[in-house]
Structures are given as structure tokens and as C-alpha cells.
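Contents: one structure, followed by commentary.
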Amino acid sequence: MIDRTHGLPVTRQAQLLDLSRSGVYYRPVPISASDLALMRRIDELHLEHPFAGSRMLQKLLCAEGFEVGRTHVRTLMRRMGVEAIYRRPRTSQPHPGHRVFPYLLREKRIDRPNQAWALDITYLPMKRGFVYLVAVMDWATRKVLAWQLSNTLTADFCVEALETAFDRYGVPEIINTDQGSQFTSEEFIATVLEAGAKLSMDGRGAWRDNLFIERFWRTIKYEEVYLRAYENMRDARRHLTTYLAFYNGRRPHSSLADRTPDAAYFGSALLAA
């Protein structure tokens, strides 16, 4: 909207457009190499100790030789979308603009495809930055039905992944997520409900409610992501496409009697037909 080649001063253009002058002159500052290294290590420690908050992570990092304060660790965790995961008492009400749905899977037997799906987001380090990965997983068979990458933590790439899964595999009975802002957004909620599925949400920070997809994050990071240093998002997408084809179609799972997710998903679906 701002034309820096125009004869009208930038300050006046900002006034006419009701924009902050500081925002007009702001230039994004790239994340430093030291912060990227910290974020990578925070991600690894979070997988190993998911209960660790900023205080514990700061002590663990300092013990490894990183010079970092708790405030900076907390800032980086927020940027990564990482938080300690444990059951918290409901001491406050959710944001009035965000709807929160009850958890529908407690003590419910999930044993067939498309009975329940899970969605979650994780942080992926790259050589010179990072991206976010969202995955849609079939709860009973562990099959990854769809996924998307994004460089921002917004709802749109979650909606895109979910709509891709709908197009390929139909609509499940229940879709389970955490209470992240992407999943409590009106856009995401409308996509779920208008398709005819029920929306289920974990207790905030309660990793056991979405255990299978949390295990998948550990698997994909140790078997794929941490073994590489993606050059950019295109490189990440190419390698993840290859890995997820292997994960779904060739990698046996002990919890599936050594079948692959594809075999469990399509085999069960055929038996149920």
C-alpha cells in the first residue's frame, strides 16, 4: 500500500492509510544462528522431556554450555509453538472469541478407520530457519492422511490439510485437536462442523489425549528431520513426501501387529465394507 517512489511523503501516506509509522519503517530481523541452534536444541529436549517448562529447559541448556536466560527460552518456546505438556486445572476461561469443545474420546474404543482423526502442529528446524508441520492422522491405523507446511502459525494451512484429507478419504465421525488458536479459530471450526464431523479438544497441555500423534512427531524427527538440514521449504517438502510414503506404505508398526498404516487403513476398511 505504501509507495516509496511516490511524491507524497511516506509519513503522510501512512497517516492517510491509518497505519503506524513505526510499522511502515520496520524491517524484519532474521533469526540469528545462535537462536536457531537454541531452538533446535529446545525442540530435541522437548521431545525427550515434554513436561519441562521454560525454567527446567533453561537449566538443561545452561548445563550443556548455552548461555541463555529463562525469559529468552520462554520467548523462543512461544515462537516455536512449544509448551510443557501436563494436565492443568481449569483455572481460567478460554478467550471469549474462541470456542472450546469437550474431549469426546475418553474411554471410547477407537478400532476402525475414519472413526476418529487427530490433528496437531510441530516445529521443524531447517539449515537457515524453521517451518511448521501440521498432520492429519487416522487414530485407529496411524495413517497420515494429509499434511502441510507453513512458515507462520496461522489457521489456513491447518484448514488446507484437513480439506485435503476430506477430499481423499471422506469425513470421519470425530476430529480431535488441542486447544491451539489455529484449531479454535472460526475458520477451522466451521470447516469441521460444516463437513458433518464432531470436534473434540484435549485438555490444554494434556499430551496423553493426543498420544498417537505425539509419538508420530518423535518418530518423524528422529528418523527423518534430525538426520537432515533442509535448505528451504521446497527441500523440506520433497524429503517429507518421500519419508511419509515410506511411513504409510512400508514402515511396520508393532501396535498394528507389524502391519503398515496403509495396510491397516485399507485392510480394515475392506473388511468393514
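The values are calculated or read from the model by the stated rules, or taken from the named source; none is laboratory data. The structure displayed is predicted, hence computed values, not measured ones. Positions of Cβ are generated from backbone atoms using ideal geometry, with glycine treated the same way; all protein chains shown enter the neighbour counts.
Quick one: how many residues across the stretch 227-248 are outside any loop (DSSP other than H, G, I, E, B), out of contact with any Leu (no Cβ under 7 Å at 6 or more places or on another chain) and over 20 Å from Arg112 (Cβ atoms)? Quick ask: steps written out before the conclusion?
To start, the set of residues in the stretch 227-248 that are outside any loop (DSSP other than H, G, I, E, B) comprises 227, 233-248.
Of the ones still in play, those that are also out of contact with any Leu (no Cβ under 7 Å at 6 or more places or on another chain) are 227, 234-235, 238-248.
Retained after the next criterion (residues that are over 20 Å from Arg112 (Cβ atoms)): 227, 234-235, 238-247.
Of the residues in that region, 13 qualify.
Against the condition part of a loop (DSSP other than H, G, I, E, B) and hydrophobic (A, V, I, L, M, F, W, C), how does Ala140 come out, does it pass?
Numbers: part of a loop (DSSP other than H, G, I, E, B): yes; hydrophobic (A, V, I, L, M, F, W, C): yes.
Yes: the conditions hold for Ala140.
Let's see how each residue does on (1) surrounded by 14 or more Cβ atoms within 10 Å (Cβ to Cβ); (2) farther than 21 Å from Leu36 by Cα:
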position: Tyr226; (1), (2): yes, no
position: Met233; (1), (2): yes, no
position: Arg238; (1), (2): no, yes
position: Thr241; (1), (2): no, yes
position: Phe246; (1), (2): no, yes
position: Asp258; (1), (2): no, yes
position: Asp262; (1), (2): yes, yes
position: Tyr265; (1), (2): yes, yes
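If you check Leu153 against the conditions, is it part of a loop (DSSP other than H, G, I, E, B), outside the structural domain of Ile174 (by TED's automatic domain parsing) and either more than 25 Å from Gly267 (Cα to Cα) or among the β-branched types (Val, Ile, Thr) (or both)?
Values: part of a loop (DSSP other than H, G, I, E, B): yes; outside the structural domain of Ile174 (by TED's automatic domain parsing): no; either more than 25 Å from Gly267 (Cα to Cα) or among the β-branched types (Val, Ile, Thr) (or both): yes.
So Leu153 fails the test.
Could you look through the stretch 139-181, keep only residues that are within 20 Å of Arg218 (Cβ to Cβ) and of a type in the set (Phe, Trp, Tyr), and pick out the one that is surrounded by the most Cβ atoms within 10 Å (Cβ to Cβ)?
Trp139
Show the residue pairs that are 6+ apart or on different chains and have beta-carbon atoms under 7 Å apart, the first residue being within the stretch 76-91 and modelled with pLDDT of 85 or more, the second being among the polar types (S, T, N, Q) and surrounded by 15 or more Cβ atoms within 10 Å (Cβ to Cβ).
Short answer, once both residue conditions are applied: Met77/Ser54.
Say we look at the stretch 45-74 and pick out the residues that are assigned to a helix (DSSP H, G or I) and surrounded by fewer than 14 Cβ atoms within 10 Å (Cβ to Cβ); which of these is modelled with the lowest pLDDT?
Selected residue: Glu48.
Modelled with pLDDT under 60, among the aliphatic types (A, V, I, L, M) and in a helix (DSSP H, G or I): is that true of Val24 in this structure?
Working: modelled with pLDDT under 60: yes; among the aliphatic types (A, V, I, L, M): yes; in a helix (DSSP H, G or I): yes.
Answer is yes for this residue.
What is the number of the single condition among (1) acidic (Asp, Glu); (2) at pLDDT below 95; (3) loosely packed, with under 15 Cβ neighbours inside 10 Å that Asp202 does not meet?
With (1) acidic (Asp, Glu); (2) at pLDDT below 95; (3) loosely packed, with under 15 Cβ neighbours inside 10 Å applied to Asp202, the lone miss is (3).
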